[in-house]
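Below: the structure, in structure tokens.
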Amino acid sequence: MSEKKQQVSRRQFLNYTLTGVGGFMAAGMLVPMLRMAVDPVLQTSEEGDLKSVDLSVDDITNEPQLVEWKIDQVDGWYESEVTKSAWVFKDDNGDIIAHSPVCKHLGCNVTWEGSEKYPNEYFCPCHDGRYYKDGTNVPGTPPLAPLDEFDQKVENGMLYLGKAKPREEA
Amino acid sequence: MKWTKMDMEKYIDAKEFVDTLLIPLSPFKMGDDTSLEKDAFQQEVLHLFVHEIEQQLAGRLLLIPSYMYLKDADKEAEVKRIQLFLEDAQKQPIEHVFYITFDASWRKHENELQGNVLWVPSIQTGDLKSKEVQSLIGDQVEQLSEYIRSYW
């Protein structure tokens, strides 16, 4: 009996306890640090998601048309449903282009052929900003950059749009 | 542009392009149980309205916080107070002023107010999430933006 009791000596017991507690403390410090190091991997991509805009590829013509769709946007404290819109058309090569309607000048909404004076151009009603069909800003009008383009993919014949990306200076 | 820090940063650099002020006029009254629900709903709709309009015309229109007044207050006095707001606002390059409201009693005072009163027939009640209400608001917003643009 007395031998069995001696199997864990006082010194060993203290050693185990200290190692255990120390280990916990070290882990408590290291885990958040590790999390921080790999943080970008853990973050869910909220903006990268492509959403169906309920438009069949066959319905896309050479003429830009306005499509609207809804996304759930987490904006700091609020989570809200936001309506997004885009001008969608096929260019001369048959590629689908989705332009953001947000004017690069001060953020009004542009309209395709929004002014009778400028056919075949996007027109911004606020300060008469204009863009060619490919989204390039017309020199001499207020906007200084081309319209943003949406990330896109086609799945099962339907168009999916993602995030608007600025284009390289044309 | 909205009354937010981010937009005001932009405003300071671009104020010569922003010449239009949009002021929502919101009635408020706590005392009467029967109208609480309706008033709150209309306030919600108005909020939606002005934000939609702002989004359309963000680059040239500044949406300021709602002007709140007691529903049965004397409008003459309110007009005077609004005038004070405007006098201050006009230290900035503002040329057009639009008020937007569901309260028809402002129409009588339209001439005393500097600027244009956009009176919108209100939606009495309903569900803001329903498709019908949304498309109704969408249509009205479209027309109102058109109207504001006609002044530019």
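The values are calculated or read from the model by the stated rules, or taken from the named source; none is laboratory data. Please read these numbers as outputs of a predicted model, since none were measured by experiment. All Cβ positions, even for glycine, are placed from backbone atoms using ideal geometry, and neighbour counts span all protein chains on display. In case anyone asks, the SASA skips ligands and DNA or RNA and just uses the protein heavy atoms, side chains included. Shrake-Rupley method; radii C 1.70, N 1.55, O 1.52, S 1.80 Å.
If you scan the stretch A:124-152, which residues turn out to be of a type outside the set (S, T, N, Q), assigned to a strand (DSSP E or B) and over 14 Å from A:A86 (Cα atoms)? Reasoning before the result, please.
Narrowing the stretch A:124-152 to residues of a type outside the set (S, T, N, Q): A:124-135, A:138-140, A:142-151.
Still in the running and assigned to a strand (DSSP E or B): A:124, A:129-131, A:149-151.
Within the stretch A:124-152, A:C124, A:G129, A:R130, A:Y131 meet the criteria.
The rows are residues; the columns are (1) open to solvent by 50 Å² or more (accessible area, probe 1.4 Å); (2) over 14 Å from the mean Cα position of the chain (by Cα); (3) modelled with pLDDT under 90.
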residue	(1), (2), (3)
B:E52	yes, no, yes
B:Q56	no, yes, yes
B:Y67	no, no, no
B:V141	no, no, yes
B:R149	yes, yes, yes
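Do you know which of the residues in the stretch A:63-106 that are within 12 Å of another protein chain (Cβ to nearest Cβ) and in contact with a helix residue (DSSP H, G or I) (Cβ under 8 Å, 6 or more places away or on another chain) is most open to solvent (accessible area, probe 1.4 Å)?
Looking at the filtered set, the residue picked out is A:H105.
Provide a single number: the residues in the stretch A:1-49 that are at pLDDT 70 or above, within 45 Å of the chain's Cα centre (by Cα) and not in a helix (DSSP H, G or I).
Residues meeting the conditions: 2.
Conditions first: (1) open to solvent by less than 40 Å² (accessible area, probe 1.4 Å); (2) more than 16 Å from the chain's Cα centre (by Cα). B:D88 passes all but one, so which condition is the exception?
Single failed check for B:D88: (1).
Sort through B:M30, B:M8 and tell me the only one that's assigned to a helix (DSSP H, G or I) and away from chain A (no Cβ under 12 Å).
None of the other options fit; the residue is B:M8.
Scan (1) without any contact (Cβ under 8 Å) to a residue 40 or more places away in the chain; (2) open to solvent by 40 Å² or more (accessible area, probe 1.4 Å); (3) within 14 Å of the chain's Cα centre (by Cα) for the single condition B:L118 breaks and write down its number.
(2)
Exactly one condition in (1) more than 14 Å from the chain's Cα centre (by Cα); (2) surrounded by fewer than 14 Cβ atoms within 10 Å (Cβ to Cβ) is false for B:A104; which is it?
That leaves (1) as the condition not met.
Report yes if B:D88 is within 14 Å of chain A (Cβ to nearest Cβ) and either within 27 Å of A:C126 (Cα to Cα) or not charged (D, E, K, R) (or both), otherwise no. Walk me through it before giving the result.
On the way: within 14 Å of chain A (Cβ to nearest Cβ): no; either within 27 Å of A:C126 (Cα to Cα) or not charged (D, E, K, R) (or both): yes.
When the stated conditions are applied, B:D88 does not pass them.
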